[in-house]
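The values are calculated or read from the model by the stated rules, or taken from the named source; none is laboratory data. Remember, it's a predicted structure, so these values are computed and weren't measured experimentally. In this analysis, Cβ positions are derived from the backbone assuming ideal geometry, glycine residues included, and neighbour counts consider all displayed protein chains. To get the accessible areas, we keep the full protein, side chains included, count just its heavy atoms, and leave off ligands, DNA and RNA. Shrake-Rupley method; radii C 1.70, N 1.55, O 1.52, S 1.80 Å.
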Amino acid sequence: MTRRMLTPLTLITATALIGIALAIPQPVAASETQGTPLFANETVMLDRDSLMLSDLFVGLPAGKDARIGDAPLPGETMTVRVSTLRNLSDIHHLDWSPLHNRVHVTVRREGRAIPLQQIRNAIEERLADGFVSDRVEVELTNRRLSLMVPADIVPEISVDNIDYNSRNQRFAASISVAIGNGKVIRAQTQGEVHPVIEIPVLSRHMAPGETIQAGDIVWTEMRARRSSYNTVSSTDQLVGMSARRPISAGRVIRRTDVKPIELIQKGDLVTMIFRTAFMTLTLRGRALEDGARKDTIRVKNLASGKTVVGSVTDSGIVSVAGPRLAMN
C-alpha cells in the first residue's frame, strides 16, 4: 500500500476548485450555514473512485455535497491537509475553522490484490500464442508485484507487450488491468520461462506394500529440468505395482519408490505350463526364487527333480519353454 500527501495543488488546483464550485448548484449564503456544526473527518474508507465533500466534513448541510476530485487508486492512501480543507471550506461557503494546524483527513480506497498466479497464467497464455510450443511455467522475478483493483471488480489482465528470449528463456512484459470508469493500471514485470511436463502422482497417501490402482492416480505438472530417468512418467509404470516405501499424495514418484507385486515367493508350489498350438501340458513344481509378473525364475520339476526356467504369468503360474520342459 502506498501513501501520498495531498496538497491544495495535488488534489484540486485553485482553478479546478472554482470550476467545480461553478458547476454545482449555487451554494447558499454563508449566513444560512452558520450554526451548523461542522467537523473534519479523521479517516475515510472509500469504495468508489470519486472523493466527495461529505467524505471530508461531518455534518455537511443538505444540498452542499459536491464531487471534489478523484479518490486514491484501489489500496492506496492519501492525506488531505488543513490548507486544502480551508480552501474547500471557503469555496463552498462552509462555516468551518480548524482547531489547530495539524488537522488532516486520511482517505483510503478499498481494494484487493490480484493473485500473482493469475498474472503468471496471463503471461503463460501470451507466450503460448506464438512464442513457445511446449507447456511452460512462468516465474516472476519481481515477486512483490502488487496490482490492486476495486473489491467489486473481477480483474482481467491484459499482456500488452512481451519480449521473449528463447536462448536464456527469459521475458519482459507490460501488463494492464481496467479498474472501471475508463481507468487502467499498468505495470512492468519480468521473469523466467520453464518448460513443464505432465507426470502421474498419487491422489492419496500410499503405505508400503499397498497395490497401486488406476483410480489412485492423478496428473500434475513439474518443470522438465527437474525430471530424470528415475522419474515415473506413465501410468504403466504404476498400475499394479506395490509401494516400496511410503509415498505422499501429489509427490513426484521415482521408479525406485515402487516394485512389482510378487506373485510367487520362494518355496511356493507352482503350476508349470507348456503351450503349443496343439496342446497344453502342465506339471507341478516348486519355486526356487521370488517372482513378479514377467519375471524369469527357476522352478524345480517335482516329477523329475530337475530345474527349469520359466516366466511368471500369474499367481502360482509359470510358463516354460517346451524343449526345456521336455528335456527334464
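Which cross-chain or sequence-distant (5 or more) residues have an amide H under 5 Å from the amide H of LEU147, H modelled 1.01 Å from N in plane?
When sequence neighbours closer than 5 places are left aside, the close amide H contacts are ILE114.
List the aspartates and glutamates whose Cα lies under 14 Å from the Cα of LYS64, skipping any in the same chain that are fewer than 8 positions away.
GLU32, ASP55, ASP90, ASP95
Non-local amide H neighbours of ARG109 (under 5 Å, H modeled in plane, Pro and chain starts lacking H): which ones?
Residues meeting the amide H criterion: LEU46, GLY75, GLU76.
To one decimal place, what orientation-averaged projected area in nm² is obtained for the convex hull of the Cα set of the chain?
28.9 nm²
Looking at GLN117, SER158, SER97, which one has the Cα that reaches farthest to the positive end of the dipole of the range 86-239 (charges on Cβ: Lys, Arg +1; Asp, Glu -1)?
Positive-most Cα among the choices belongs to SER97.
Which FRET efficiency, nearest 0.05, do ALA292 and ARG223 yield, Cβ-Cβ r, R0 51 Å?
FRET efficiency, ALA292 to ARG223: 0.95.
So, by mean Cβ neighbours within 10 angstrom, what's the order for 170-178, 298-306 with the highest one leading?
Ranked by mean Cβ neighbours within 10 Å, highest first: 170-178, 298-306.
Can you tell me the length gained on complete extension of the stretch GLU125 to ASP65, counting 0.36 nm per residue apart and subtracting the Cα distance?
Between GLU125 and ASP65, full extension yields an extra 16.9 nm.
Which loop GluC sites (Glu not before Pro) in the range 148-252, with loop taken from DSSP, have no more than 13 other Cβ atoms within 10 angstrom of their Cβ?
GLU156
Work out the length of the dipole vector of the range 189-306 about its Cα centre, built from +1 on the beta-carbon of each Lys and Arg and -1 on the beta-carbon of each Asp and Glu, and round it to the nearest 20 debye.
Values: 19 positive and 12 negative charges, 109 e Å.
That gives the range 189-306 a dipole magnitude of about 520 debye.
Counting only heavy atoms of the protein chains, get the accessible area per residue of the range 34-96 (1.4 Å probe) and round it to a whole Å² value.
Working: 2700 Å² over 63 residues.
Result: 43 Å² of accessible area for each residue.
For the range 74-163, which trypsin sites (Lys or Arg not before Pro) pass both filters: DSSP loop (anything but H, G, I, E, B) and at most 16 other C-beta atoms within 10 Å?
In loop regions of the range 74-163 (DSSP not H, G, I, E or B), the sparsely surrounded trypsin sites (Lys or Arg not before Pro) are ARG102, ARG135, ARG143, ARG144.
Within the accessible area of the range 224-328, what % is carbon and sulfur when the probe is 1.4 Å and the other protein chains stay in place?
Heavy-atom surface of the range 224-328 belonging to carbon and sulfur, 1.4 Å probe: 51 percent.
Could you name the lysines whose alpha carbon sits less than 20 Å from that of LYS300, not counting residues in the same chain fewer than 8 places away?
LYS266
Taking loop as defined by DSSP and a crowding limit of 14 other beta carbons within 10 Å, which chymotrypsin sites (Phe, Trp or Tyr not before Pro) in the range 213-311 fit?
Passing sites in the range 213-311 are TYR229, PHE278.
From the phi angles alone, apply the Karplus equation (6.51, -1.76, 1.60; θ = phi - 60°) to the range 199-211 and give each ³J(HN,Hα) in whole Hz, x where the residue is Gly or Pro.
9, x, 9, 8, 8, 8, 5, 10, 8, x, x, 6, 8
Using the Karplus curve 6.51 cos²θ - 1.76 cosθ + 1.60 with θ = phi - 60°, work out ³J(HN,Hα) for each residue of the range 298-305 in order, rounded to whole Hz, and write x for Gly and Pro.
In residue order, the calculated couplings are 8, 10, 8, 6, 5, 6, 9, x Hz.
Could you work out what % of the accessible surface of the range 91-204 is carbon and sulfur, using a 1.4 angstrom probe and leaving DNA, RNA and ligands out of the count?
About 43 percent, which is the carbon plus sulfur part of the accessible surface.
Can you pull a Stokes-Einstein diffusion coefficient for the range 148-213 at 20 °C (1.002 mPa s), Rh from Kirkwood over Cα pairs, as a whole number of µm²/s?
Once the numbers are plugged in, D ends up at 133 µm²/s.
For the range 217-285, with only Lys/Arg (+1) and Asp/Glu (-1) charged at the beta-carbon, what is the dipole magnitude about the Cα centre, in debye rounded to 20?
Roughly 340 debye for the range 217-285.
For the pair SER234 and THR141, how long in nm is the line joining their label points, each one 7 Å along Cα→Cβ?
So the two model labels end up 4.0 nm from each other.
From the phi of every residue in the range 39-50, what ³J(HN,Hα) in whole Hz does the Karplus formula 6.51 cos²θ - 1.76 cosθ + 1.60 yield, where θ is phi - 60° and glycine or proline is x?
Those phi angles translate into 10, 7, 5, 9, 9, 10, 10, 9, 10, 9, 9, 10 Hz.
With each pseudo-label sitting 7 Å past Cα toward Cβ, what's the GLN169-ASP134 distance in nm, one decimal?
Taking the two extended label points, one gets 0.6 nm.
Rounded to the nearest 20 Debye, what is the dipole magnitude of the chain about its Cα centre when Lys and Arg each give +1 and Asp and Glu each give -1 at the C-beta?
Value, rounded to 20: 1940 debye.
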